[in-house]
Amino acid sequence: MSSAPPVVRVENMDRGVRLVTIDRPQKMNALNAAVRDALTDVAAEAADDADVRVLVITGAGEKAFIAGADIGEFADRTPLEQREAMATPTIFDRIWDFPLPTIAMINGFCLGGGCELALACDVRIGADTARIGQPEVNLGIIPGGGGTQRLTRLVGYGKAHQLILTGEIIDAVKAYEIGLLDEIVPANELKEKTLDVARAMASKSPVTLKLAKRALRAAYEMELSAGLEQERDLFALAFSTDDKVEGVKAFLEKRKPEWKGR
Ligand code: COA
């Protein structure tokens, strides 16, 4: 009996970087139920694996990161079925809530749910060939994976309206200019450059990465005074870790720290 080939591939790169590849290139890596389920498992396994420091998400092939939710699944769905398919936590929530850094490595079309998955990551690095947008309006629907909320917070009210209401697909340079991409690199260097960023993060203590990510998240979700309070609390919490002791000691002893992860 032959089983279906996996729709998500997982590779452990060096230094605790886990590379996750959506593997449906014949359908532009569109997010169907199988991909969403597989990504859910991958995120849970990675969160439980003490060796994982950073998650990098990309799409197979050269054409697409993810060209959106699988439109074929929409055709015959009732509103109730659709609402059920969007029960929380969605895959966007799961990536958003991943405790360690996440990077979207955007290698081509990054549309609709693909853009929303990239928005749920902490950092977005794009090939110069990347094409990004929220074209749901062209289908008579609206973004449903966080696009209206996270895109607005990331690029601002007017630019989010412009993208979502026109459905325009923009190139990498435009995406970088509005802050939707954090870095653009030549397509043939995308993997190595992205892994360099991931490795730079992964070389830090995982406990520090988690605290920093929680403090950064506060900037997104809280008003300033509450976020500053949260940062101070997390800063003080860092003083309870072995890795704070080790980091400071290593600096004073002019050597590299050896992180314990606690
Ligand atoms: N859902 C399901 N299938 C998709 C898809 C999606 N979101 N995006 C692409 N595909 C499929 C196409 O149907 C096609 O399948 P087929 O060969 O069985 O017909 C295959 O992927 C290749 O796509 P194709 O349209 O032939 O490639 P292209 O280079 O001409 O165009 C896009 C690429 C991305 C511009 C185009 O596929 C597109 O507009 N996709 C939909 C984007 C979208 O609206 N996303 C938001 C969804 S909510």
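The values are calculated or read from the model by the stated rules, or taken from the named source; none is laboratory data. These numbers come from a predicted model, not from an experiment. Here Cβ is always computed from backbone atoms with ideal geometry, including for glycine, and neighbour counts include all displayed protein chains. SASA here: full protein model, heavy atoms, side chains in, ligands and nucleic acids out. Shrake-Rupley method; radii C 1.70, N 1.55, O 1.52, S 1.80 Å.
Computed values, structure above
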read-out: For Glu221: the one exception among (1) within 30 Å of Thr129 (Cβ to Cβ); (2) modelled with pLDDT under 95; (3) open to solvent by 80 Å² or more (accessible area, probe 1.4 Å); value: (1)
read-out: Subset of segment 224-261 [of a type in the set (Asp, Glu) and open to solvent by 80 Å² or more (accessible area, probe 1.4 Å)]; value: Glu229, Glu231, Asp233, Glu253, Glu258
read-out: Segment 101-126, subset surrounded by 24 or more Cβ atoms within 10 Å (Cβ to Cβ) and part of a loop (DSSP other than H, G, I, E, B), residue farthest from the ligand (Cβ to nearest atom); value: Pro101
read-out: For Tyr176: the one exception among (1) buried (at least 21 other Cβ atoms within 10 Å of the Cβ); (2) aromatic (Phe, Trp, Tyr); (3) more than 16 Å from the ligand (Cβ to nearest atom); value: (1)
read-out: Residue that is nearest to Gly59 (Cα to Cα), among those in segment 127-149 that are open to solvent by less than 30 Å² (accessible area, probe 1.4 Å) and touching an Asp or Glu at 6+ places or on another chain (Cβ under 7 Å); value: Gly133
read-out: Contacts under 6 angstrom Cβ, first residue in segment 204-217 being at negative phi, partner open to solvent by 50 Å² or more (accessible area, probe 1.4 Å) and in a helix (DSSP H, G or I), 6 or more apart; value: Ala215/Glu231
read-out: Residue within segment 88-96 that is closer than 30 Å to Arg15 by Cβ, within 16 Å of the ligand (Cβ to nearest atom) and assigned to a loop (DSSP other than H, G, I, E, B) present; value: yes
read-out: Residue list for segment 172-186, restricted to those being under 19 Å from the mean Cα position of the chain (by Cα), closer than 13 Å to Asp128 by Cβ and either not hydroxyl-bearing (Ser, Thr, Tyr) or not assigned by TED's automatic domain parsing to the domain that holds Tyr157 (or both); value: Ala172, Ala175, Leu181, Glu183, Ile184, Val185
read-out: Number of positions in segment 186-200 that are surrounded by fewer than 16 Cβ atoms within 10 Å (Cβ to Cβ), within 17 Å of Gly16 (Cβ to Cβ) and among the polar types (S, T, N, Q); value: 0
read-out: Residue list for segment 150-169, filter: surrounded by 15 or more Cβ atoms within 10 Å (Cβ to Cβ), away from the ligand (no atom under 13 Å from the Cβ) and farther than 25 Å from Phe98 by Cβ; value: Lys159
read-out: Every pair of residues 6+ apart whose Cβ atoms lie under 6 Å, when the first sits in segment 36-57 and is touching a residue at least 24 places away in the same chain (Cβ under 8 Å) while the second is open to solvent by 50 Å² or more (accessible area, probe 1.4 Å) and in a helix (DSSP H, G or I); value: Thr40/Arg94; Ala43/Arg94
read-out: Scope segment 135-144; condition near the ligand (Cβ under 9 Å from one of its atoms) and either touching a residue at least 40 places away in the same chain (Cβ under 8 Å) or in a helix (DSSP H, G or I) (or both); matching residues; value: Pro135, Glu136, Asn138, Leu139, Ile141, Gly144
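Residue-wise test of (1) part of a loop (DSSP other than H, G, I, E, B); (2) out of contact with any helix residue (DSSP H, G or I) (no Cβ under 6 Å at 6 or more places or on another chain).
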position	(1), (2)
Leu211	no, no
Leu216	no, yes
Ser225	no, yes
Arg232	no, yes
Val245	no, yes
Phe251	no, yes
Glu258	yes, yes
